[in-house]
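**Student:** Got a structure for you, written out below as structure tokens; questions coming shortly.
The values are calculated or read from the model by the stated rules, or taken from the named source; none is laboratory data. Since the structure is predicted, the reported quantities are computational estimates derived from the model, not experimental observations. Methodologically, a virtual Cβ is constructed for each residue, glycine included, from the backbone with ideal geometry; neighbour enumeration extends over all protein chains shown.
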Amino acid sequence: MKELRKAEIQQIKRSLPIYQLLKEWGIEPVRKVGNKLIYYSPFRNEAHPSFVVYDKQEYQDWFDFGTNEGGDIIDLTMKFWGISYGEAVKLLRKRLNLELAID
């Protein structure tokens with residue numbers, strides 16, 4: 001069960017890019033520099049963009065330089081919606097139409 005859970009988490013990270021999820025939430029990048037997408041933070045108002053999405057080969061992660069917080073797509077979903085890890089996984093599973101039965 002634990003191995004299946006790990007596989008599901010990896011599938012979520014690989015299948016849904018953070019930039020795509022941000023776009024669905026109405027958040028667009030300010031610019032792209034190499035493998036980095038630069039945004040205004042989705043968590044607060046700011047004068048200069050300090051939220052970065054790093055586009056890696058396997059998956060993406062993010063870092064907010066204004067708050068020194070970062071993580072993967074699950075962490076972002078948790079923080080954006082104010083929900084738990086399990087709720088974020090369920091939300092992303094639903095978004096991806098994953099049918100793995102791990103509740």
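**Student:** Kindly check whether there is at least one residue in region 87-103 that is in a loop (DSSP other than H, G, I, E, B), at negative phi and at pLDDT 95 or above.
**Tutor:** Taking region 87-103 as the starting set, the residues that turn out to be in a loop (DSSP other than H, G, I, E, B) are 97-103.
With the extra rule that they be at negative phi, the set shrinks to 98-103.
Then drop every residue that is not at pLDDT 95 or above, which leaves none.
Checked region 87-103: no residue is in a loop (DSSP other than H, G, I, E, B), at negative phi and at pLDDT 95 or above.
**Student:** Against the condition under 14 Å from the mean Cα position of the chain (by Cα) and without any contact (Cβ under 8 Å) to a residue 12 or more places away in the chain, how does ILE73 come out, does it pass?
**Tutor:** Numbers: under 14 Å from the mean Cα position of the chain (by Cα): yes; without any contact (Cβ under 8 Å) to a residue 12 or more places away in the chain: no.
Here the answer is no, as ILE73 does not meet what is asked.
**Student:** Run down LYS79, LYS94, LYS23 and say which single residue is under 14 Å from the mean Cα position of the chain (by Cα), free of Cβ contacts under 8 Å to residues at least 40 places away in the same chain and loosely packed, with under 15 Cβ neighbours inside 10 Å.
**Tutor:** On the way: LYS79 fails: loosely packed, with under 15 Cβ neighbours inside 10 Å; LYS94 fails: under 14 Å from the mean Cα position of the chain (by Cα).
The unique qualifying residue is LYS23.
**Student:** Okay, moving on. Which residues, counting only those in region 42-76, are of a type in the set (Val, Ile, Thr) and surrounded by fewer than 16 Cβ atoms within 10 Å (Cβ to Cβ)?
**Tutor:** Filtering region 42-76 down to residues of a type in the set (Val, Ile, Thr) leaves 52-53, 67, 73-74.
Result: THR67, single match.
**Student:** Would you say TRP62 is without any contact (Cβ under 8 Å) to a residue 40 or more places away in the chain and of a type in the set (A, V, I, L, M, F, W, C)? Step through it out loud before you land on a result.
**Tutor:** Numbers: without any contact (Cβ under 8 Å) to a residue 40 or more places away in the chain: no; of a type in the set (A, V, I, L, M, F, W, C): yes.
Spelling it out, it is not the case that TRP62 is without any contact (Cβ under 8 Å) to a residue 40 or more places away in the chain and of a type in the set (A, V, I, L, M, F, W, C).
**Student:** Restricting the search to region 26-59, which residues are part of a loop (DSSP other than H, G, I, E, B), among the aromatic types (Phe, Trp, Tyr) and without any contact (Cβ under 8 Å) to a residue 40 or more places away in the chain?
**Tutor:** Correct list: TYR40, PHE43.
**Student:** While we're on this one: Could you check region 82-91 and list, in sequence order, the residues that are surrounded by 13 or more Cβ atoms within 10 Å (Cβ to Cβ) and closer than 17 Å to ALA7 by Cα? Write out each step before concluding.
**Tutor:** Residues of region 82-91 that are surrounded by 13 or more Cβ atoms within 10 Å (Cβ to Cβ), as a first pass: 83, 87-91.
Those that are surrounded by 13 or more Cβ atoms within 10 Å (Cβ to Cβ) and closer than 17 Å to ALA7 by Cα: ALA88, VAL89, LYS90, LEU91.
**Student:** Right, something else. Against the condition surrounded by 15 or more Cβ atoms within 10 Å (Cβ to Cβ) and out of contact with any Phe, Trp or Tyr (no Cβ under 8 Å at 6 or more places or on another chain), how does TYR39 come out, does it pass? Break it down stepwise before answering.
**Tutor:** Numbers: surrounded by 15 or more Cβ atoms within 10 Å (Cβ to Cβ): yes; out of contact with any Phe, Trp or Tyr (no Cβ under 8 Å at 6 or more places or on another chain): no.
In short, no.
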